[in-house]
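Where a number appears in this text, it was derived from the coordinates with a stated rule and is not lab data. If you're wondering where the values come from, they're calculated on a predicted model, not measured in any experiment. Positions of Cβ are backbone-derived with ideal geometry, glycine not excepted, and every protein chain shown enters the neighbour counts.
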Amino acid sequence: MGQDDFGQPVSFVVQSTGTWEELQVIVNAMLQRMAQNPQLTNPDTDLKLNKPELKIDVDREKIAAVGASVEGVGRTLETLLGGRNVTRFKRGSEQYDVIVQIEDDARRTPGDLADIYVRGSDGTMVQMDNLVTVRESVAAKELNHFNRLRSATISAGLAPGYPMGDALEFMEQALREVASETPYDLDGQSREFRESASDIALMFVLALAFIYLVLAAQFESFIDPFIILFSVPLAICGALLALTLTGGSMNIYSQIGLITLVGLISKHGILIVEFANQLQEQGRDKLEAVQEAAGLRLRPILMTTGAMVLGAVPLATATGAGAEARRQIGWVIVGGIGFGTLLTLFVVPVVYLLLSRKRHPARVTEETPPGEPAVAEA
């Protein structure tokens, strides 16, 4: 069962098999650690043992002496103070509940127990305050459970530019220092972030693997796709730099932008590598081929880069409802494509020279009789 996260992004659930008082000690220590971190704002918890209550201790010896029973005492207190639905009656077409309970004015203070009586064995009425002792104490307003364990949810806001991942790592480290054996869980936005982070990482790996296999089938090589995908880390560096400069953070939206960036930036490497391979098959040297390929493919690379960047600018500068999500995706694409393209034009040719295999020009295998097509062999 989940908890209310107070509408704040950080929702850290501390669980315990001990008493509520022991859990409160751990929660108070956590709040003190959070107060030392200025990046966490408005720390709070749903476990507050400050609700006044009255505890009634039953004196079994006195009850036995007057001939009453503990069950009778408990039933009397339950009925007169809490109320009991004893029957129903009908009047016309309406049905009403009959509730037995004393008036509100007669059950406001602990001294009102003197006006409540219980019947003894000989039929005499005994005052309730002679049989029970009332103690004033405090208790929690609500006692929450999470995964069937007693729990307290600690919530906090995030300062601008403070990532959710760093906040959760701080909370986990603080709990290890306070009570290392105490179990914990996440709820609300924190739980969604942690689950989505693991899913996004898997999707990112699958995206790279899928693109690699497709390129390997297209180029009939396991080396050329690696050269093309070498531009991906360069684009990611540009995306992270753009997020840092604009005050963004690594969240679900920026991670979606990174996955999109993998497919967009791979196109630049494809243009250079494919054309360089064709030039080698025409008899060009590897260095000459990659230099000419980078020069001839510069204009289409810059044109597509400009189109993608300008198309993402409205996302990066969006305003209004949902603008926070669109800006994260927009800046990832703008920074990744812009910075990645700039470095791809220099890095991919260098990696091509180091890793690509030398391709031999096409040649005719044997002399062909007149009238028959020549068979070329790579």
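Against the empirical curve 2.2 N^0.38 Å, the C-alpha radius of gyration of segment 127-285 lands at a ratio of 1.80. In this structure, the amide hydrogen of VAL13, modeled 1.01 Å from its nitrogen in the peptide plane, lies closer than 5 angstrom to those of ILE154, ASP185, LEU186, ASP187, counting only residues at least 5 positions away or on a different chain. May I ask you to list the lysines whose Cα is less than 24 Å away from that of LYS267, ignoring any residue fewer than eight positions away on the same chain? Qualifying lysines at Cα under 24 Å: LYS286, LYS358. In this rough spin-label picture, where each label sits 7 Å from Cα along the Cβ direction, the THR124-PHE346 distance is 10.4 nm.
How much net charge surrounds PRO314 when only other residues with a Cβ under 11 Å from its Cβ are counted (Lys, Arg +1; Asp, Glu -1)? Local net charge: +2. Over all pairs of different C-alpha atoms, segment 41-191 has a mean inverse distance whose reciprocal, the Kirkwood radius, equals 20.5 Å. When the Cα positions of ILE265, ALA276, ALA321 are compared along the charge dipole of the chain, ALA276 comes out farthest toward the positive end, with charges on each C-beta of Lys, Arg, Asp and Glu.
By other beta-carbon atoms within 10 Å, ranking THR317, THR260 with the fewest at the front produces THR317, THR260. In a reduced charge model with +1 at each Lys and Arg Cβ and -1 at each Asp and Glu Cβ, the chain shows a dipole moment near 640 debye about its Cα centre. Hull volume per residue, based on the alpha-carbon atoms of segment 192-363 and their convex hull, is 105 Å³. Among ASP112, ASP57, a tally of other beta-carbon atoms within 10 Å of each Cβ gives an order, fewest to most, of ASP57, ASP112. Counting neighbouring Cβ atoms within 10 Å and putting the fewest first, the residues SER11, SER93, SER356 line up as SER93, SER356, SER11.
Based on alpha carbons, the Rg and Dmax found for segment 117-174 are 25.0, 76 Å. The distance linking segment 157-189 with segment 280-308 is 49 Å (Cα centroid to Cα centroid, whole angstrom).
Put a plus charge on the Cβ of each Lys and Arg, a minus charge on the Cβ of each Asp and Glu, and nothing anywhere else: the dipole of segment 66-211 about its Cα centre is then about 540 debye. Considering helices alone, the calculated mean residue ellipticity of the chain at 222 nm is -17000 deg cm²/dmol, with DSSP H runs of length four and up weighted by -39500 (n - 2.57) and normalised per residue.
Set against the 2.2 N^0.38 Å expectation for a compact globular protein, segment 193-292 has a Cα radius of gyration ratio of 1.29. Remark: segment 192-363 carries a charge dipole of roughly 360 debye about the Cα centre, counting +1 on each Lys and Arg Cβ and -1 on each Asp and Glu Cβ.
For the chain, excluding the exposed loop sites themselves (trypsin sites (Lys or Arg not before Pro), DSSP loop, at most 13 other Cβ atoms within 10 Å), the longest remaining stretch covers 149-356. Simple rule: put +1 on each Lys or Arg Cβ and -1 on each Asp or Glu Cβ in the chain, find the dipole, and look at LEU40, LEU310, PRO233; the Cα lying farthest toward the positive end is LEU310. Computed over the chain, the convex hull of the alpha-carbon atoms projects to a mean area of 37.2 nm². Among THR344, THR133, TRP331, flag the residue with its Cα farthest along the positive direction of the charge dipole of the chain, charges on Cβ as +1 for Lys/Arg and -1 for Asp/Glu. About the Cα centre, the residue reaching furthest to the positive side is THR344. Over the Cα atoms of segment 52-140, the radius of gyration divided by the Kirkwood radius equals 1.06; this is the Rg/Rh ratio. Counting only GluC sites (Glu not before Pro) that DSSP places in a loop and that have at most 11 other Cβ atoms within 10 Å, the longest clean stretch of the chain runs over 221-365. Extension gain, ALA139 to GLU195, is 16.7 nm, computed as 0.36 nm per intervening residue step minus the present C-alpha separation.
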